[in-house]
Each structure stands twice: as structure tokens, then as C-alpha cells.
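The values are calculated or read from the model by the stated rules, or taken from the named source; none is laboratory data. Since this is a predicted model, take the numbers as computed values, not measurements. Cβ coordinates were reconstructed from backbone atoms using ideal geometry, including for glycine residues, and neighbour counts include every protein chain displayed. For accessibility, only protein heavy atoms count, side chains too; no ligands or nucleic acids. Shrake-Rupley method; radii C 1.70, N 1.55, O 1.52, S 1.80 Å.
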Amino acid sequence: MPRRLLEILVEEVKKGNRPNNTFKTSSFTLVAKRISEEFGVKCLPDHVDNHLKTLRNSWTMIYKLCGNSGFGWDENIKMISASPKTYTTYLSAHPIHDKYLNKKIDMYDEMAIVLGKDMARGDFAKSFVDVDLQSYSKDENKIIDFEDINLKSF
């Protein structure tokens, strides 16, 4: 059932029903209806949302593990890999992450489509010193250079 849920959500993404990285309510309703019909169970939109939250937690962990030093990603078999030493050292500190390491991650491509853009990575984060301090004046549409303003007069 989780596999089918992801497949349907991928279809919804491809139809454009996830603007701004958030699914439309109609998508959850459609997924719940199709799961109910295909599996003969009662599935509600809230169930879809809750399962998506669970998947998002798994995706977050996969994403973080891939970024750790000593870990790699094998695109051919969709697996986070690590040397035996790195694997043993990491798992001694984080035993619950065993299910993600050196094992094929089923539905990785589908998870990337459905959840991949939900991750804030900080690639484009700027500090104060990175910000361009020039701006346009609303009244005159001209550039104001903040270095020319005497802040002591305020």
C-alpha cells in the first residue's frame, strides 16, 4: 500500500498538483479514494497526510545520511554505502539508522519526486554580509547607497 500511495502522489506531482511543495487538498482526497478502492480499506485524506509525514521523516534521514562524511550514494542500486569501519562506528552511536545503510532504498526515485524539494538545504542561505545593501527608493525609483546616509541624524 505505501508503494501505491507514492505512485499516485508521483502522478499528482506530474499533473502539477503540488504547487509550492505542498499538495493540494484534492490530491489527498484522490489518493485516499484510490487506495480505498484498490485495497478494499477505508482510507481518509488524513491517513494520506499522516503517511506522507512518515515518509518525509524517512526522506530527511536518508538525505542527512547521504551528507555525512564517509557515506556515499550508489545511484545504480539506490543505496547509501559506507566502508565497514564507518558503518560500524556510525551504527554504534545510531543503531536505529541501520535500515538506511548498505541496503537498497525502495522507491527512492519516487520519494525524490514527491519529497525531494521539501528539504531546506541552506545552499542559498545568506548572512548579513552577503546582502546587497543597495535598494530602490519607492518614490524616485533611484538607487540609494546606504553608505551615503548619515545614520547619526536619525
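If I ask for residues that are over 11 Å from Ile105 (Cβ atoms) and within 20 Å of the chain's Cα centre (by Cα), which ones from the stretch 75-91 would you list?
Glu75, the sole residue that qualifies.
When you look at Ser27, is it in a helix (DSSP H, G or I), in contact with a helix residue (DSSP H, G or I) (Cβ under 8 Å, 6 or more places away or on another chain) and of a type in the set (Ser, Thr, Tyr), yes or no?
Judged against the criteria, Ser27 is a match.
Can you find a residue in the stretch 119-129 that is more than 22 Å from Val31 (Cβ to Cβ), part of a loop (DSSP other than H, G, I, E, B), modelled with pLDDT under 90 and among the aromatic types (Phe, Trp, Tyr)?
Scanning the stretch 119-129 turns up at least one residue that is more than 22 Å from Val31 (Cβ to Cβ), part of a loop (DSSP other than H, G, I, E, B), modelled with pLDDT under 90 and among the aromatic types (Phe, Trp, Tyr).
Pairs only if they're at least six apart or on different chains, beta carbon under 7 angstrom, first in the stretch 67-79 and at positive phi, second open to solvent by less than 70 Å² (accessible area, probe 1.4 Å); list them, first residue then second.
Here the result reads Gly70/Ala82; Gly70/Ser83; Gly70/Thr86; Lys78/Ile105; Lys78/Tyr108, each pair linking the stretch 67-79 to a residue that is open to solvent by less than 70 Å² (accessible area, probe 1.4 Å).
Looking only at the stretch 36-53, filter to residues that are assigned to a helix (DSSP H, G or I) and open to solvent by less than 80 Å² (accessible area, probe 1.4 Å); which one of those is farthest from Ala82 (Cα to Cα)?
Ser36
Conditions first: (1) among the charged types (D, E, K, R); (2) in contact with a helix residue (DSSP H, G or I) (Cβ under 8 Å, 6 or more places away or on another chain); (3) surrounded by 14 or more Cβ atoms within 10 Å (Cβ to Cβ). Lys33 passes all but one, so which condition is the exception?
(2)
Sort out which residues of the stretch 11-26 are under 12 Å from Leu52 (Cα atoms) and surrounded by 15 or more Cβ atoms within 10 Å (Cβ to Cβ), and write them in order of number.
Phe23
Testing Gly72 on (1) assigned to a strand (DSSP E or B); (2) closer than 13 Å to Tyr108 by Cα; (3) modelled with pLDDT under 90, one condition comes back false. Which one is that?
Among (1) assigned to a strand (DSSP E or B); (2) closer than 13 Å to Tyr108 by Cα; (3) modelled with pLDDT under 90, the lone unmet condition for Gly72 is (2).
In the stretch 77-96, what residues are closer than 20 Å to Leu115 by Cα and either of a type in the set (A, V, I, L, M) or surrounded by fewer than 16 Cβ atoms within 10 Å (Cβ to Cβ) (or both)?
Scanning the stretch 77-96 gives Ile77, Met79, Ile80.
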